[in-house]
Structure formats: structure tokens, C-alpha cells
1. If you go through the stretch A:246-287, how many residues are of a type outside the set (Asp, Glu), away from ligand 2 (no atom under 16 Å from the Cβ) and touching a residue at least 60 places away in the same chain (Cβ under 8 Å)?
2. Taking the stretch B:63-92, which residues are within 12 Å of chain A (Cβ to nearest Cβ), assigned to a strand (DSSP E or B) and of a type in the set (Gly, Ala, Ser)?
3. Where residues in the stretch A:93-120 are more than 25 Å from A:Val72 (Cβ to Cβ) and surrounded by fewer than 24 Cβ atoms within 10 Å (Cβ to Cβ), which of them is farthest from ligand 2 (Cβ to nearest atom)?
4. For residues that are open to solvent by less than 50 Å² (accessible area, probe 1.4 Å) and modelled with pLDDT under 95, scanning just the stretch B:232-253, find the one that is farthest from A:Pro15 (Cα to Cα).
5. Hey, A:Lys33 hits all of (1) at the interface with chain B (Cβ under 9 Å from one of its Cβ atoms); (2) open to solvent by 10 Å² or more (accessible area, probe 1.4 Å) but one; which does it fall short on?
6. Looking only at helices (runs of 4 or more DSSP H) that lie completely in the stretch A:1-114, which have at least 2 residues being over 25 Å from the mean Cα position of the chain (by Cα)?
7. Please find, within the stretch A:238-255, the residue that is nearest to A:Ser584 (Cα to Cα) out of those that are touching a helix residue (DSSP H, G or I) at 6+ places or on another chain (Cβ under 8 Å) and not in a loop (DSSP other than H, G, I, E, B).
8. Is there a residue being open to solvent by 20 Å² or more (accessible area, probe 1.4 Å), within 30 Å of A:Asp214 (Cβ to Cβ) and either within 16 Å of ligand 2 (Cβ to nearest atom) or not in a loop (DSSP other than H, G, I, E, B) (or both) anywhere in the stretch A:625-642?
Amino acid sequence: MPVESVFPRLEALLPHVQKPIQYVGGELNSTVKDWDACDVRWALMYPDAYEVGLPNQGVMILYEVLNEREGVLAERTYSVWPDLEALMREHGVPQFTVDAHRPVKAFDVFGLSFSTELGYTNMLAALELAGIPLEAKDRTVDDPIVVAGGHAAFNPEPIADFLDCAVVGDGEQAVLDITEIVRAWKAEGRPGGRDELLLRLARTGGVYVPRFYDVEYLPDGRIGRVVPNTPGVPWRVSKHTVMDLDEWPYPKQPLVPLAETVHERMSVEIFRGCTRGCRFCQAGMITRPVRERSITGIGEMVEKGLKATGFEEVGLLSLSSADHTEIGDIAKGLADRYTEDKVGLSLPSTRVDAFNIDLANELTRNGRRSGLTFAPEGGSERIRKVINKMVSEEDLIRTVATAYGNGWRQVKLYFMCGLPTETDEDVLQIAEMAKNVIAKGREVTGQNDIRCTVSIGGFVPKPHTPFQWAPQLGVEETDARLAKLRDAIRSDRKYGKNIGFRYHDGKPGIVEGLLSRGDRRIGAVIRAVYEDGGRFDGWREHFSYDRWMDCADKALAGSGVDVDWYTTRERSYEEVLPWDHLDSGLDKDWLWEDWQDALEEVEVDDCRWTPCFDCGVCPQMQTEIQIGPTGKKLLPLTVVNQG
Amino acid sequence: MPEGPPPAPAVQRIRLRYTKRGRLRFTSHRDFQRAFERALRRSAVPMAYSAGFTPHPKVSYANAAPTGVASEAEYLEIALTEERDPERLRAQLDASLPPGLDVVDAVEVRTPNLADRLQASVWRIRLDGVSPEEAERAAAAFLAAESVEVERLTKNGVRVFDTRGAVASLEVSDGRSGDGARGGAEGGADVRPGRACAILRLVVRHATPAVRPDDVLSGLRATADLAPPVPAEVTRLAQGPLDEESGTVTDPLAADRAAASAVPPATAGPRATATA
Ligand code: B12
Ligand code: SF4
């Protein structure tokens, strides 16, 4: 059955909206396949604005992996801004893909990528615009299977009502496996309808289908247990892990948008996973173990990617890029290859040591040395032990001195407020640190004009981390602590003027906390917020704390639980957590011990260079650390002259 | 800090005509600039760069059409550090840009000031839901007027424009009878049957402040109550020197082309031989 493009109808609306180019597709390296020649069709959504969603690495990878397969097509869709949403509702134009402008409802699978919980209301907007029933139980065999992935999917419970299924972990192989199951079911004439398809998916053990699990509650509101209610459905669902990144060199042809986006460079993921063990970091915990891409694999991806895109900058991405075993040779090799072509190199530098400065120098060989960014995360030595961020103030000052000595003039420092056990004193130390940085900078350079920017946000405890049991700091306490820090910085005569202070108030953090550690009862809150007009919660100008609190009060009334219960309450060892049946590989007892170590200010090493400390992931997932060095080098490219 | 060697000098300049067709008419000028500069990199064009910490490739853009307006005739000029055959360069760049942003003409620069030659534009305005008779009537009233002033909010506040004075010619045809093809690469067969549709073809002089095709539409509304039910689709068909007598707009690259065929390639000291 041919599916018609909605573009002619959309086109008439575009002259009336902001930045219409974001809705027209046609990006370089985008793909439109023949609908009828494919039997499994995916609509992939990053549920945020195009400018944030387009450069998302995860979606770009899955889009390409799927489109490379014979008989499979994938198209992309993003959240439309309220101006277009209103017009689409008025004129009956459905949620569409930007590739061929096909209606989302026509696809077999609607996959959403949740990097953050703040995209949940946008999912509901997209479903409704698509004409797909909001709740999974109301969907028919003609609606797409709605599947969530991305880091937030590690606790899909708050959106369980709206999802048909969720996938945790790496998506590359998982989307292909799902595709095969859908293909077979369709070829057989869709036996047993939706339920049969979902059952086939659930039985793999790698796809979570919320409706096949019942949640039982205790009288005090806590969860009693989560039980499968259908034969053959496993008690726990495993995360997916892709081994050998060199076999998955995606994206090979990164999308190049016409519209301006937040991230305009050629990005290469140089490794996946991180075992530094920062206790607040969900990304680090759930993506273990570390799997490096080889230096030669990286070189090839950069070369092909630049040819395919024309980007003027290469980003070497990972959770802690300076930790690649051959990062020095990678940086030097790429700098040698590309300085002639005026291609810039960047790496999100967060670690605080002299080695990072050498690297940064290498990467900016011919450029301007403006700003360096470090993330000590905690202001005092004590709190850094609690969070396992192993860096001393002396390290930082020494690093900064080297940086200023090498011509850098501006240092940015990232911190969190509201960490477990934190006091005002810990946070006020941040001001001292910033002053010491400037003092050192003045000493080394002999100049007064040295800048240091302090950027600080509220800490949100996340599932599958040692802090999953921790109480979150309330809004008033967070704001009061930040105000004290601001005053301490501003009132300083000698240095205050040179310290920039950027902070986020505590309100969005509480909503994020509610959604991160929520259970199925939170679904009603999300729906109420959506129906009240809530959208784009990651955007300051659209986010409404009051709306969230009002809707939570109403939706949770009579349940015995409330926002504080979900956020500022400390959990005990015995408590069944809403995400316990989703297996990230981390041993819950190990997480608990690490939580106890945190409270006792005991640090833990990195298993890449010390023996395994039994976090549980490798044996549970049958994976292993994959790191170099390979000993290989990047050779200069032969110059091919074009004319 | 080392500043590096001075940038290589420009040895050749090339003028290009490009289009904004179909859905890519929603590209803003900023969007186009980024896309074009990336296309230059993908096709490894030996661009001359400005000096300084953040060197920029030397590209000058002329008189870009507004966002949402399609165009068959946009112009820009680039400076190269090695000579290139204009036609091959054009084909390469065209292949590097998405379909719809098409590079359709290229000449080596032999004459100064392209911008001065862009004296007027030919616009086609497609008015769906407006009958040709209705459009005729409005056009006649507009043309009969001495001046037709409209207001528009600009960066510098509300400005008044005389739209009549800027219009050198204005003709109406029937969108259903063949001239309905849109500027779009995808729009060739888009004659929507059974619906009234008028096409305006107008020549507008470039002036400061610029009178845009939507100003002329405002003028038609002011003089003759012409109110199209759906947004007009506007395409710039051409821009260039205006022959006031005949009211025709000619090719602004013609002078360069003529100079090139009259004189063999200019030699300016030692440089790479042109690649064939
Ligand atoms: C590490 C990181 C960075 C690093 C590296 C980025 C990278 N590798 O892409 C750096 C420092 C460069 C960075 C920069 C930025 N980041 Co960042 N970043 C992250 C972080 C922590 C992890 C991202 C990551 O590892 N990506 C690697 C890719 C391959 O993994 P993935 O996206 O998870 O996808 C895989 C799986 O999850 C799965 N999957 C994903 N979706 C789906 C869907 C389905 C259906 C299935 C089956 C599977 C599946 O398959 C994929 C392939 O295996 C996320 C937070 C998070 N929880 O995701 C924030 C995050 C994505 N970043 C964010 C932001 C804002 C930015 C910046 C814009 C910051 C800035 N102002 O400059 C830039 C822009 C970068 C960009 N490409 O868009 C925000 C996005 C907010 C939003 N509204 O969506 C996030 C969510 C953090 C936050 N909470 O604020 N970032
Ligand atoms: S199981 Fe051991 S080796 Fe594997 S990630 Fe955990 S601590 Fe490291």
C-alpha cells in the first residue's frame, strides 16, 4: 500500500513558522528508500527539537545501521515547536518523518531515543499528533510498536503505560534483532496480533514489555515485587552490549543539516563505556565495560567522515576521551594529517592532569588557545572522595599553571550541588578553588586579566548507580546553597570580578529526579502535565515547575506517595527499586557496597589498570574490557589532487 | 603564539549562479552559507582564506533571496589559490550540494562589480485560489496608480515603500494553463487541476530600501483588495542588468563570458597551469 507524503499539506504551513528549514529534510547523507520495497519500516525519533536531535549520535547510528539493510527502511522524526504543532492540529497534519514526510503511524516500529527523561512529554505530543493512542493498551494491530531506547530507558517505568517495549543498552545489534522478529511475524500474516509480536520480543530476554509484568505495592507505598504475568517472559531483561567497535564504524556518513544545530562537527566515538567509577554518573555505570575503537579504526572513520561531510571540526567523543590508551598518538596523528586542511580537533576534556594539557596543546597546534574545561565536580577534597572523583586541589592548581603557561587564558570548572553528605562548607570551597586558580594564573602569566568560570548544577540521583538510594537535595536547600556560593564569589574584592558564575536553580532537577527514579504511578503525572500543555521540559522557556507540582499533587492524591517521597527520600537496602528487573549487569550488592564506601569516603580504582573489583558487569553480560595499545600509528595520507 | 605563514594569495576568481528550488527554498541565507562552505571542503576546492586566527574562505554573496522564496538566480563569487576550469568546478560543487541547491552557471571573473549589475529581478508569484481575472483586475489597478505605498517593519523600524515605482513590469497568466510549473525541482508537474490559480510575473528594480515581492503583494491588496487564501509561492527567475526600454533583465555574467572569449586567459606571474 503506498503511503502518501504529507509534504504538500505541511508546505502550506511552513511560511508561518520559525526556522522552517528544520522540517523539510533533505540533509546531506540522509536516505529515502522505496516504501514498497521494504517490509520492516522504522520511524526513529529524538524527542526534542531538531537542532538538538539531529546531531544525536545514537539516532544517527541506528538510522544508518537499519537503512544499510536490504528490505528495511528507517526515517527520522523530531519534536515540532509549538507554533507548528498548533498549525498541524488545526489543519489535521500528522506527525511526519523529515526524510520522506511519511506519517509516523504508517510505520511498523516507532523507536524513541531517550537520553534524558525531560523528553517524556514530547513523546506524548508526538504520539497524539501521529494519531497513535497514548496508552499501549489502546493500540491496535495497525499501530506501530512503540519502543524506547537510550540511557533513560534503563528505568522505563514512568512511561511504561505509553510504551509497548523498551530496549536497554547498545542498540546496533538490538534493532536488527527486533527487525527480524517483526519481519517474520508480518510474513506469517501477523498471527496473534500485537500481543503475539510483543511476546516474541519479550521472550528473547532482551526486550522489556511492561504489560507482561505486574507491579505489586506494599501498604507503605513501596514496591513489593515485580512479577512476569505471562509464561515464557523472563524475570529480568538484559542490557545489550556491542563488542568490537571496529566492526561497527557508525555513523559512516554523518548527517549534515542545512539548519543550524547544537553540534556541528564530525564526531567519532573513540571508545564506549567508562570505569573511572564516578558514583553520580549513570552513563559510566550502565555502559561498562570499556571498549576502545582502535587508532586505525578511528583514523579511517575520520577520513571517510570528513570526505562525506565537509565538516571543519572533528570531535573525539567518549565519556572520558583522554583515557584512550593511544590518545596521544591519535591526537598527534590527526593533527599531522589535517592541519593543512584547516580541520580543527576537539575532545571534551574533563580530566584534570598535565597530560590533558599536552593533548590540548596538540589539538590546538595552529589555533587560538581560548578556554579549557575541567570537571572537578566537587568543591572539597572530602566530597570528591564521596563521589570518587580522584583529583586533588594540588593536581588542579598544577594543571592550571601548566595551562596558563602554555598560553591558555580562560579556565572553566564544572561542579554539582546537592551531592550526598554535602554541606555548605563543601560548596563554599568552590569559591576558594576558583580564587586559587586565578591567583596561580596571575602568578604564571604576570597578567591580571585571567578568567575562571564556575558552572554548577543540581545533582540528580540516577538508577543503576551507587547513589540510586541517596536522598536528593530539595529545591530550597539547593537554591540557598547556591546563593551562598554566589555571594562568596561576588563579594571577593580581589578575584570576584574575574570569576564567572553560572548556575541552574533546583527546580528542573526535582522534576528530573521524579522522572528518573519514578515508578509506574508517575505515568499519570506525565500525562496530566502533557494534557495541561507541558512540552519541551529541557528548555528553560517552556519548563514549568509549578505545572509539574500541581499535576503531581492531583495525579498522586490518595496514593500515599508524593514528589518528596520519590526525590528527597533515602531508600534502604531492602527496598525493591522500580528498575531492579532491568539488568544493567551491575551487581546490586556491589552497588550497595560502593554506596557505603561513598559514605565512608573510600575511593575505588579503575579496573582498566587495577584488578577487576567485581562490579558484576563482565561475568553477567559475558563481556570483557577491550583496550589497546595496538602499537599502530596513523600514517600521513597520500595527497590526492583534485582539479 | 605562532601565527603561521600568511595565507596563500588568490590567483583566480569565479562567479557562480545557484538556485534554491522546491522545499530547499526554506533555507535561510545563513544556512546556505554553511552548506556552501562545507561543499567547498568536500570538493577540495583550493580556496583562498582570510588571514587571522580563524581563517575564513573568501566567498562574497550578492543580494540573497529571502527565506521561503525560491530562486533560479542567486549569485556569489569565490577566490581560489590555484586555477580551476569554471565548468568542472561548477559540476563538482553542484554534486556536493543537496538537490535543490544547484550550481547552474560559472564564469571566470573578468570584469569588476557584479553587484552593480544586479539592477533588477524577475519574480514569479504563484497565487493559488486566485482566478486570473481577479489578478488581472488587481494588476491593472496597481499599474494605473501613480504610486502605491506600503508599510513594513524592518530592522530600522516601520518603513514606507513605494511599490509601484519599483515595478518595471507586471503580467498575469493562468496557472492552470501550463505556466503553473513551480520553481521546484519537485514541482514540475504540480499544476493542481480544478483550482483557480493566477501567476504574476513581475520585474522589480533593486533599490534601497529593497522592495520585495511580498511588498508588491501588499500593494496589490492595498489598491485592489487582492487577498490570496493561501501563502503565495514566490520564485526569483532572474536578476541582472535591466533594459529600461524593453523591461527585460539580462544575464549578469554575460560581460565576463564575453571578456573571456575575447582575451585568452590572463597571466599574472608564475602560477600553476590550469587543470584541464
Ligand atoms: C557523553 C555525552 C556527551 C559527550 C559525547 C557525546 C556523544 N558521545 O555523543 C559530549 C561532551 C561531546 C557531549 C556534548 C553535548 N551534549 Co551530551 N551527553 C553525553 C551523554 C552523557 C551520553 C551520550 C552518549 O554516550 N552517546 C553515545 C551514543 C552512541 O549513545 P546513545 O545515544 O545512548 O545511543 C545508543 C544506545 O543508547 C541505543 N539507543 C539510543 N536510542 C535508542 C532508541 C531505540 C529505539 C533503541 C532500540 C536503542 C537506542 O543505541 C545507541 C547505539 O548503541 C548524554 C546523556 C545520556 N544519558 O545519553 C548527554 C546528552 C545527550 N548531551 C546533552 C547535551 C545538551 C549536549 C550538548 C548540546 C552540550 C552543549 N551545550 O554543547 C553537546 C552536543 C552533543 C551532541 N552530539 O548532540 C543532553 C541532551 C539534552 C536534550 N535536550 O536532549 C544530554 C541528554 C545530557 C543532559 N541530560 O543534558 N555530550
Ligand atoms: S566486571 Fe570487573 S572488569 Fe568488568 S567492568 Fe566491572 S570491575 Fe571492570
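The values are calculated or read from the model by the stated rules, or taken from the named source; none is laboratory data. Remember, predicted model here, so these are calculated numbers, not experimental data. Every residue, glycine among them, receives a Cβ derived from its backbone with ideal geometry; neighbour counts consider all protein chains shown. Note: areas computed on protein heavy atoms with side chains; ligands, DNA, RNA excluded. Shrake-Rupley method; radii C 1.70, N 1.55, O 1.52, S 1.80 Å.
1. Here is the first cut: in the stretch A:246-287, the residues of a type outside the set (Asp, Glu) are A:248-259, A:261-263, A:265-268, A:270-287.
Restricting the remaining residues to those that are away from ligand 2 (no atom under 16 Å from the Cβ) gives A:248-259, A:261-263, A:265-268, A:270, A:280.
Now narrow it down to the ones that are touching a residue at least 60 places away in the same chain (Cβ under 8 Å): A:248, A:250-259, A:261-263, A:265, A:267, A:270, A:280.
Adding up the residues that qualify gives 18.
2. B:Ala70
3. A:Val93
4. Step by step, filter the stretch B:232-253, then rank; the result is B:Gly247.
5. (1)
6. Working: elements: A:7-11, A:50-53, A:57-67, A:82-91.
Filter on the stretch A:1-114 gives A:7-11, A:82-91.
7. Initially, the stretch A:238-255 is screened for residues touching a helix residue (DSSP H, G or I) at 6+ places or on another chain (Cβ under 8 Å), giving A:238-242, A:245-246, A:248-255.
From the residues that got through so far, the ones that are not in a loop (DSSP other than H, G, I, E, B) too are A:238, A:240, A:245-246.
On the way: A:Ser238: 7, A:His240: 9, A:Leu245: 19, A:Asp246: 23 Å.
Ranking the candidates gives A:Ser238 first.
8. Residues of the stretch A:625-642 open to solvent by 20 Å² or more (accessible area, probe 1.4 Å): A:625-642.
Those left that are additionally within 30 Å of A:Asp214 (Cβ to Cβ): none.
Looking for residues that are open to solvent by 20 Å² or more (accessible area, probe 1.4 Å), within 30 Å of A:Asp214 (Cβ to Cβ) and either within 16 Å of ligand 2 (Cβ to nearest atom) or not in a loop (DSSP other than H, G, I, E, B) (or both), one finds none in the stretch A:625-642, hence no.
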